[in-house]
Amino acid sequence: MQPLDYLDHLNPEQVSLDNIAPDQEVVQKVPASFAYRNKVFPINLKEGILTVAMSDPLDIVLVDEMRLITSCEIKAVQAEAEEIEESIVRFYGKTASAILTEDIQGPVGSVSTVERETIDDFGISEQDLAQDPTVVHAVEQTIIDAVRVGASDIHFEPFAGEVKIRYRIDGVLEEQPTPPARLQWAITSVVKIMANMNVAERRRPQDGKIALRIRSLGDRQIDLRVSTVPTVHGESVVLRILDKQSISYGLEELGLLEDNLDQFQRFIKKPYGIILATGPTGHGKTTTLYACLDQINQPSIKIITVEDPVEYELEGINQIPVNPDIGVTFAAGLRSILRQDPDTVLVGEIRDLETAEMAIHASLTGHLVFSTLHTNDAPSAITRLINMDVEPYLVASTLEGIVAQRLARRVCQSCCEYYQPTELEIQRMTRSEAELEHYRALDFQIPRAVGCKECRNRGYRGRVGIFEVLPISEEMRDLTLQNPSGSQLRRLALEQDMFSLRQDGWRKIVEGLSTVEEITRLTPEDEIIVQTSEAVAPTMVAE
């Protein structure tokens, strides 16, 4: 890439931005904050030369700064300042923090949070308040900002004298600029109207759903699951972002290493039985089960799901949303769909004895059943079912496989540093003497998070799954019949070479995918130490 001739800067081209629509890749070359601050707009990228519209193309200092942050040669062209600002808003979207901190004109600005109960005294209806274009724009832009940075959830939280906005990014909450406290009620009302919820009801929790198409992100279709809960200082609102682009994963892309992937493939090829995914909310259980359904989905197999709610629509699969208000529960839905002649069934969650019994009945009558449970590890799913009063012999005869999972943040490959792990780190990450000696004898390095502009100084970008995959062996079935404790089941699972969550996390560390700090944050220490004859090590990553 050759630098541009000096005369190109002295004689800048004049352009009109009215009909210019750059690709998203070009727009992303210049960070939104930089574009807003310096009033510049990227319009083209060709052969390593980024063409940027500026009101003052002779500002060589700014051109040099753009060259540094984009790693491209810069061709500055001249455009009207007004056109540049319009293009920035059109393609980047005005930042939510900028909108929310502006002075809101009209009735919204004249009503405080304390005065919300006497709002009628001002002659202002909730409908008028929620339709204020500035507040509506602010809420929509908050959603766009969250999607742009890869957030999974948006939290609007009222406190005494302030409203906090937080995004959950890669599993960790991050605070955003705080809007004026007086807008708390207006923001909540806008979200509730967008989600077709009852704006006047503030005493009870509510659930709703929003569908958006975001043009500034390439006409991206986004669904949001909305939940409101009354608190001391107002309603707390949480929006779960359901991005259809994020669900298009196969089993191979989830982070399953070869041995665990082989076990998983055996699970989903079973003609009948129950396959369970366990773990906390927001750690990818639904994504894993959808990946299973996608792999077995074909015209010769009928698949029906019962979900609360249906998070993503899957092509060729019949999906039923749960609606307790009209009696459509997991158990009732499962009872009905068995008359629909399915081959494979997905039950969103086994929450009670009735649902568990229906899932067991479905598996005993020749169906493959996928479902989820909230347990801390894979063996605990067995004790959880027994604690629901499911007979141990039914659990033993129907369960075929269990997977527990967490989503760990991926270390940023642009800035991470590699170092020799300490003896203490190796001890904390291994569970057997043989494995410990194996890693002691190796000369290898593992990554440490640092932080750069690529990862927004977090040190991490994206997430990778860590898994416990437990096939139900004959020994496990025999032990289940004895109504065992969780520790007994876990000891047997580890003795049969199940990789614990921490051990699988360690394998991801050794492969250069995550860090000791991240895996330690997510997984419990392995208290049960087993003796194994071999230690399995993944491919080492050199510095």
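The values are calculated or read from the model by the stated rules, or taken from the named source; none is laboratory data. Because the structure is predicted, anything quoted here is derived from the model rather than measured. Cβ: placed from backbone, ideal geometry, glycine included. Neighbour counts: every protein chain shown. We work out accessible area using only protein heavy atoms, side chains counted, and drop any ligands, DNA or RNA first. Shrake-Rupley method; radii C 1.70, N 1.55, O 1.52, S 1.80 Å.
Looking only at region 159-172, which residues are open to solvent by 20 Å² or more (accessible area, probe 1.4 Å) and out of contact with any Leu (no Cβ under 7 Å at 6 or more places or on another chain)?
F159, A160, G161, E162, K164, R168, D170, V172
S16 fails exactly one of the following numbered conditions: (1) hydroxyl-bearing (S, T, Y); (2) buried (at least 16 other Cβ atoms within 10 Å of the Cβ); (3) more than 16 Å from T70 (Cα to Cα). What is the number of that condition?
(2)
May I ask you to list the residues in region 287-301 that are closer than 12 Å to I317 by Cα and β-branched (V, I, T)?
Within region 287-301, I296, I301 qualify.
So that you can scan it fast, the table gives a plain yes or no per residue for (1) free of Cβ contacts under 8 Å to residues at least 12 places away in the same chain; (2) closer than 30 Å to I360 by Cα; (3) open to solvent by 50 Å² or more (accessible area, probe 1.4 Å):
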site: A195; (1), (2), (3): no, no, no
site: P205; (1), (2), (3): no, no, yes
site: D219; (1), (2), (3): yes, no, yes
site: D223; (1), (2), (3): no, no, no
site: V226; (1), (2), (3): no, no, no
site: L254; (1), (2), (3): no, yes, no
site: F267; (1), (2), (3): no, yes, no
site: A291; (1), (2), (3): no, yes, no
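Out of curiosity, is C416 within 21 Å of the chain's Cα centre (by Cα) and touching a residue at least 24 places away in the same chain (Cβ under 8 Å)?
no
I'm trying to understand the selection: among the residues of region 173-193, which are touching a Ser or Thr at 6+ places or on another chain (Cβ under 9 Å) and surrounded by fewer than 17 Cβ atoms within 10 Å (Cβ to Cβ)?
Of everything in region 173-193, those that are touching a Ser or Thr at 6+ places or on another chain (Cβ under 9 Å) and surrounded by fewer than 17 Cβ atoms within 10 Å (Cβ to Cβ) turn out to be P177, T178.
Among the residues in region 386-396, are any more than 30 Å from G512 (Cβ to Cβ), without any contact (Cβ under 8 Å) to a residue 60 or more places away in the chain, open to solvent by less than 10 Å² (accessible area, probe 1.4 Å) and β-branched (V, I, T)?
yes
Could you check region 296-309 and list, in sequence order, the residues that are surrounded by fewer than 19 Cβ atoms within 10 Å (Cβ to Cβ) and modelled with pLDDT under 90?
P309
I need a count of the residues in region 19-35 that are crowded, with 17+ Cβ neighbours inside 10 Å and modelled with pLDDT under 85.
2
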